[in-house]
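Asks: Sharing a structure below in structure tokens format, with a few things to ask.
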Amino acid sequence: MRTQVVDHPLVSHKLTTLRDVRTDSPTFRRLTDELVTLLAYEATRGIRVESVDITTPVSPTTGVKLSTPTPLVVPILRAGLGMLDGMMRLLPTAEVGFLGMVRNEDTLEVHTYAERLPDDLSGRQVYVLDPMLATGGTLAAAIRFLVDRGADDITAICLLAAPEGCERLENEIADLTVPVSVVTAAMDERLNEKGYIVPGLGDAGDRLYGVA
Ligand code: URA
């Protein structure tokens, strides 16, 4: 698994305001949107393209267009929804699938409660949107779900990641042969006893949508 922390002053600047407890929900949503577009620029560096012949007003030339099948963007409900517009701004022709996953706090198993994805993801590049890579359990389950459907290249875009979550994710998907990357704005210090990222930004879903 490849993990990339995007090192850019604009990313750090927006992330700092996002973290600030005084930032209200409308500002938090706008900054998330802007930050995701910046992260998406890095995350799509390996997007597949094919050569295409065109004619400019001056002469024929060769360029590129996105390959088919078209990439699939998959926000993990609920907080991943807050990242969707920022991603689609950069990839307007992508298709969008949805995954709703929740962890059973007794068994610690991840349960898929909603799913709207193409049946066959063979040959698809998939971009998963999940703001907080905390324990890594949900993201690992989502990646496995997508690979079982045939996805052959997966990039997760996260606002923040914790070292514990990255390590667990890496272990849990070690048997998969498809390339998996994580692109994040920062690798924070640790998880606290409640599973929150420290220093983090709190509960991303609550801060985006204002309800618990
Ligand atoms: N989910 C969140 O929203 N925040 C955290 O810090 C960890 C998981």
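The values are calculated or read from the model by the stated rules, or taken from the named source; none is laboratory data. Remember, predicted model here, so these are calculated numbers, not experimental data. So basically every Cβ, Gly included, is an ideal-geometry build from the backbone, and we count neighbours across all protein chains shown.
Asks: On the phi > 0 side of the Ramachandran plot and either at pLDDT 95 or above or polar (S, T, N, Q) (or both): is that true of residue 195 in this structure? Reasoning before the result, please.
Replies: On the way: on the phi > 0 side of the Ramachandran plot: yes; either at pLDDT 95 or above or polar (S, T, N, Q) (or both): no.
Taking the combined requirement at face value, the residue does not satisfy it.
Asks: Just to be sure, is residue 76 within 18 Å of residue 183 (Cβ to Cβ) and either at pLDDT below 95 or part of a strand (DSSP E or B) (or both)?
Replies: Values: within 18 Å of residue 183 (Cβ to Cβ): yes; either at pLDDT below 95 or part of a strand (DSSP E or B) (or both): yes.
Spelling it out, residue 76 is indeed within 18 Å of residue 183 (Cβ to Cβ) and either at pLDDT below 95 or part of a strand (DSSP E or B) (or both).
Asks: Restricting to the range 173-192, name every residue that is exposed (fewer than 13 other Cβ atoms within 10 Å of the Cβ) and either modelled with pLDDT under 95 or of a type in the set (Asp, Glu) (or both).
Replies: 175, 189
Asks: Suppose we keep only residues that are of a type outside the set (A, V, I, L, M) and within 11 Å of the ligand (Cβ to nearest atom) within the range 122-146. Which one would you say is surrounded by the most Cβ atoms within 10 Å (Cβ to Cβ)?
Replies: 131
Asks: With the structure loaded, tell me whether residue 112 is polar (S, T, N, Q), within 16 Å of the ligand (Cβ to nearest atom) and either out of contact with any Gly (no Cβ under 9 Å at 6 or more places or on another chain) or outside any loop (DSSP other than H, G, I, E, B) (or both) or whether it fails that test.
Replies: For residue 112, the condition - polar (S, T, N, Q), within 16 Å of the ligand (Cβ to nearest atom) and either out of contact with any Gly (no Cβ under 9 Å at 6 or more places or on another chain) or outside any loop (DSSP other than H, G, I, E, B) (or both) - is not met.
Asks: I'm trying to understand the selection: among the residues of the range 1-53, which are charged (D, E, K, R), under 30 Å from residue 176 (Cβ atoms) and in contact (Cβ under 8 Å) with a residue 24 or more places away in the chain?
Replies: If the condition is that a residue be charged (D, E, K, R), under 30 Å from residue 176 (Cβ atoms) and in contact (Cβ under 8 Å) with a residue 24 or more places away in the chain, then 2, 42, 48 are the ones that fit.
Asks: Name the one entry in 58, 52, 128, 64 that is closer than 21 Å to residue 173 by Cβ, aliphatic (A, V, I, L, M) and not in a helix (DSSP H, G or I).
Replies: Selected residue: 128, the only one of 58, 52, 128, 64 that is closer than 21 Å to residue 173 by Cβ, aliphatic (A, V, I, L, M) and not in a helix (DSSP H, G or I).
Asks: Select from the range 147-194 the residues that are hydrophobic (A, V, I, L, M, F, W, C), farther than 24 Å from residue 70 by Cβ and within 14 Å of the ligand (Cβ to nearest atom) and list them in ascending order.
Replies: If the condition is that a residue be hydrophobic (A, V, I, L, M, F, W, C), farther than 24 Å from residue 70 by Cβ and within 14 Å of the ligand (Cβ to nearest atom), then 159, 160, 161, 162, 166, 169, 185, 186, 187, 191 are the ones that fit.
Asks: What's the total number of residues in the range 7-53 that are within 20 Å of residue 187 (Cβ to Cβ) and either among the β-branched types (Val, Ile, Thr) or more than 15 Å from the chain's Cα centre (by Cα) (or both)? If you could, list the steps in order and put the result at the bottom.
Replies: First pass over the range 7-53, keeping only residues within 20 Å of residue 187 (Cβ to Cβ): 7-20, 31-32, 35-36, 38-43, 45.
Filter once more, so that each one left must be either among the β-branched types (Val, Ile, Thr) or more than 15 Å from the chain's Cα centre (by Cα) (or both): 7-20, 31-32, 36.
Residues that pass the stated criteria total 17.
Asks: Select from the range 195-212 the residues that are among the small types (Gly, Ala, Ser) and assigned to a loop (DSSP other than H, G, I, E, B) and write down the one among them that is nearest to the ligand (Cβ to nearest atom).
Replies: Looking at residues that are among the small types (Gly, Ala, Ser) and assigned to a loop (DSSP other than H, G, I, E, B), I get 200.
Asks: Between a residue in the range 117-141 that is within 22 Å of residue 38 (Cα to Cα) and any residue that is within 15 Å of the ligand (Cβ to nearest atom) and of a type in the set (Lys, Arg), which pairs come within a Cβ distance under 8 Å, given they are 6 or more apart or on different chains?
Replies: That search, which allows pairs on different chains as well, returns nothing.
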